[in-house]
1. Only one of (1) out of contact with any strand residue (DSSP E or B) (no Cβ under 7 Å at 6 or more places or on another chain); (2) outside any loop (DSSP other than H, G, I, E, B); (3) farther than 24 Å from Ala212 by Cβ; (4) among the basic types (Lys, Arg) is not met by Arg185, so which one is it?
2. Can you tell me which residues in region 146-172 are under 21 Å from Ser203 (Cβ atoms) and without any contact (Cβ under 8 Å) to a residue 60 or more places away in the chain?
3. Tell me which residues, restricted to region 150-186, are open to solvent by 70 Å² or more (accessible area, probe 1.4 Å) and either touching a helix residue (DSSP H, G or I) at 6+ places or on another chain (Cβ under 9 Å) or not aliphatic (A, V, I, L, M) (or both).
4. Looking at region 121-162 only, could you name the residues that are over 27 Å from the mean Cα position of the chain (by Cα), assigned to a helix (DSSP H, G or I) and not small (Gly, Ala, Ser)?
5. Give the residue that is least open to solvent (accessible area, probe 1.4 Å), with candidates limited to residues of region 76-97 that are at pLDDT 90 or above and outside any loop (DSSP other than H, G, I, E, B).
6. What is the number of the single condition among (1) touching a strand residue (DSSP E or B) at 6+ places or on another chain (Cβ under 8 Å); (2) more than 23 Å from Arg148 (Cβ to Cβ); (3) part of a helix (DSSP H, G or I) that Thr201 does not meet?
7. Before we move on, is Ile249 in a strand (DSSP E or B) and buried (at least 18 other Cβ atoms within 10 Å of the Cβ)?
8. Please identify the pairs in which a residue from region 239-257 that is closer than 17 Å to Arg167 by Cα has its Cβ atom under 7 Å from the Cβ atom of a residue that is modelled with pLDDT of 75 or more and not in a strand (DSSP E or B), counting only partners at least 6 apart or on another chain.
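The values are calculated or read from the model by the stated rules, or taken from the named source; none is laboratory data. All values reported here derive from a predicted model rather than from experimental measurement. Cβ placement follows ideal geometry from the backbone for every residue including glycine, while neighbour counts extend to all protein chains displayed. Remember, those area values only see protein heavy atoms, side chains included, never the ligands or the DNA or RNA. Shrake-Rupley method; radii C 1.70, N 1.55, O 1.52, S 1.80 Å.
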Amino acid sequence: MSLDLGAYWQVNRRFVLAVGGGALLFLIGFGIESSLFQGRIDEARSAIRLNKNRLEDMQFSSQDLSEVQGENTALRAAVEKLSAAAQFRARAEFVPDPAAGSSANHYLRTLARVRDELQQRANRNSLALDESLGMPELSPTVEREILRYLEALDLVEGVADLAIRARADGIDKIQVRLDPGYASRAGVGPIERTRVQMTLTGSSLALTRVLAWSQRPAAGGRVLPIDQLEMSVQRGRTDQVRLDVTFVIARVKETEPPPEN
């Protein structure tokens with residue numbers, strides 16, 4: 001079949017003109033865009049090449065390296081100092097000794113001893129004390145939970161001692177809450193927080209002493225970090241104050257030193 005261009009032109013003239021016009025407009029637009037932006041594109045490419053060459057030619061002296069290493073050492077020392085200050089250090093009697101038996105038995109013995117001693121002291125000093133001391137009804141059996149409850153028991157014993165010496169009236173509603181991330185997939189992060197909540201009652205002077213002594217202990221004592229606190233006057237008792245306080249036991253994860261080059 002021969003192609004009759006004349007007949008095709010007659011039939012499809014409008015289509016051919018539309019396509020040809022569109023192609024012409026595209027070529028014109030491309031030429032205009034190139035003339036307007038090609039200079040900027042060339043400038044950007046030149047800047048990229050220049051910066052790349054500068055980075056390749058950049059040199060650091062041994063003094064620069066020594067200064068950076070010194071700054072890194074100072075920063076790591078500061079982090080270690082702050083971590084040590086935040087880390088809760090349980091007293092020796094609250095840390096299980098593998099040579100003396102299982103951690104579970106150590107927990108039971110320690111809880112019984114602390115409960116008996118505190119209850120006797122509380123009775124002699126007219127202090128109403130929550131007999132549970134915030135410990136769970138069922139004794140923990142998992143090693144890491146045992147360690148955390150022993151730390152909490154250590155803190156509770158310390159606060160009760162302060163309350164007795166300050167002549168407070170009572171310690172109630174003691175609750176120990178492990179870090180929410182402890183049982184989660186994400187984990188606890190760089191700082192694990194066990195929170196110990198309790199309510200103290202007594203005169204404003206007594207409770208102020210408890211707070212002051214917990215934050216500025218005598219020589220050899222420990223600071224007991226506080227997460228939240230609220231003090232209010234007891235209803236119907238203008239001479240008695242209520243203190244709702246949450247102490248924090250922090251475990252700071254140790255950071256690994258950077259690899260040596």
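1. In the conditions (1) out of contact with any strand residue (DSSP E or B) (no Cβ under 7 Å at 6 or more places or on another chain); (2) outside any loop (DSSP other than H, G, I, E, B); (3) farther than 24 Å from Ala212 by Cβ; (4) among the basic types (Lys, Arg), Arg185 misses (2) alone.
2. Ala160, Asp161, Leu162, Ala163, Ile164, Arg165, Ala166, Arg167, Ala168, Gly170, Ile171, Asp172
3. Arg165, Arg167, Asp172, Lys173, Gln175, Arg177, Pro180, Arg185
4. Once the filter is applied, which keeps residues that are over 27 Å from the mean Cα position of the chain (by Cα), assigned to a helix (DSSP H, G or I) and not small (Gly, Ala, Ser), region 121-162 yields Arg121, Asn123, Arg124, Asp161, Leu162.
5. Phe94
6. (3)
7. yes
8. Partner pairs satisfying both residue conditions: Asp239/Ser203; Gln240/Asp169; Gln240/Ser203; Val241/Ser203; Val241/Ser204; Val241/Leu207; Leu243/Leu207.
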